[in-house]
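A short worksheet on the structure shown next.
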Amino acid sequence: MRRAAVVFGAGLLFGVGLVISGMTDPRNVVGFLDFTGRWNPKLAFVMAGAVGIHAVLLRLLARKRPLGATSRAGGRARIDAKLVVGSAIFGVGWGLSGYCPGPAITALGFGLPAAFGFVAAMIAGARLGDRVLGRGAGDAPDTTCSAEA
Amino acid sequence: MLPAMLPGLIGGVLIGLAATLFWAETGRVAGVSGLLRGAWRAQGGEGRSDSVLFLLGLVAAGVIASLARAEAAALPRPLWLLLGAGVLVGFGTRVGGGCTSGHGVCGLARFSRRSLVATLTFMATAAATVFIAGHLVPGGGVP
């Protein structure tokens, strides 16, 4: 029960951070990516704040608890074609819509029909990715989620 | 310019705190694309409930924000383009192993070279996409 409350609270805090920083408004995102237009640097401040505090706290807390399976070397922790090609494709979709997964899911709470369509398409795209990678629903749970360091 | 950027910095700090809280409780990276995948997959247990609860927290933040009348309109794009973009985001983050939160926030905070490469790659293709859309497609620019 405690765990459930903390995890829900973490999601809520993450979403509030996205809203306060303006990242649920795709205009801020596309404005940042538009280097030739009226450049909007907001996203850089968001990244600096998020990466900065997370990096410091991880190092303070990691003295008590190791960074976990995500800090393993080898395996998927290599820089390979999948990492680069996948990220490149993600960037095209991000640039077209101004939505990445976090803000898109938070936008569901706004009741935006566009967000519902986008998230449904995103899930379909991820399932397509599963098939391309050759990993069906039957493999081991991916406890490291994403971004294995 | 700096006062206008202050909400960005504050919101970013909240995002970093949330990612830390999630990791401290579960030992997992707060990567939204990975959590979304974890939420629909058939395996039950803590992994799945963590994913679902975190995502519900994100949606709840959106509900609160909409009640507080925060702005969050989608870009004026045709539906087919928005859906196509969604497929690209879902496919790309699955194959690339992370998105803006997993690679961009959590990975960079861990000084992961993989995440640095991923982040530079999706930033570059996203900027190129915005450039091309803004110059070659009528109505494709920043509103």
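Values in this text are rule-based calculations from the coordinates and carry no lab data. Every value quoted in this text rests on a predicted model; they were computed, and no experiment measured them. Cβ sites come from the backbone with ideal geometry, for glycine too, and all protein chains shown count toward neighbours.
One quarter of the convex hull surface built on the alpha carbon atoms of region B:77-143 amounts to 4.9 nm², the projected area averaged over directions.
Centre-to-centre, using Cα atoms only, region B:19-49 and region A:103-124 are separated by 19 Å. In order along region A:86-98, the phi-based Karplus estimate (6.51 cos²θ - 1.76 cosθ + 1.60, θ = phi - 60°) of 3J(HN,Hα) comes to x, 5, 5, 5, 4, x, 5, x, 5, x, 5, 10, x Hz; Gly and Pro are listed as x. Mean projected area of the convex hull spanned by the Cα atoms of the protein assembly as shown, taken over all viewing directions: 14.1 nm².
Rounded if a/c is under 1.5, else prolate if a/b beats b/c, else oblate: with a ≥ b ≥ c from the C-alpha gyration tensor eigenvalues square-rooted, which is chain B? Rounded. Neighbour counting of Cβ atoms within 10 Å sorts the residues A:25, A:80, A:130, B:50, fewest neighbours leading, into A:80, A:130, A:25, B:50.
Charges were assigned to the Cβ only: +1 to each Lys and Arg, -1 to each Asp and Glu. The resulting dipole of region B:33-139 about its Cα centre is roughly 240 debye. Would you mind classifying region A:2-133 by shape? Square roots of the alpha carbon gyration tensor eigenvalues, ordered a ≥ b ≥ c; an a/c under 1.5 is rounded, otherwise it is prolate if a/b is larger than b/c and oblate if not. Rounded is the answer for region A:2-133, as its axis ratio a/c remains below 1.5. Each of the peptides A:37-48, A:112-123, B:27-38 was scored by the mean count of other Cβ atoms within 10 Å over its residues; in descending order, highest first, they stand as B:27-38, A:112-123, A:37-48. Neighbour counts of C-beta atoms inside 10 Å place B:103, B:135, A:54 in the sequence B:135, A:54, B:103, starting with the fewest.
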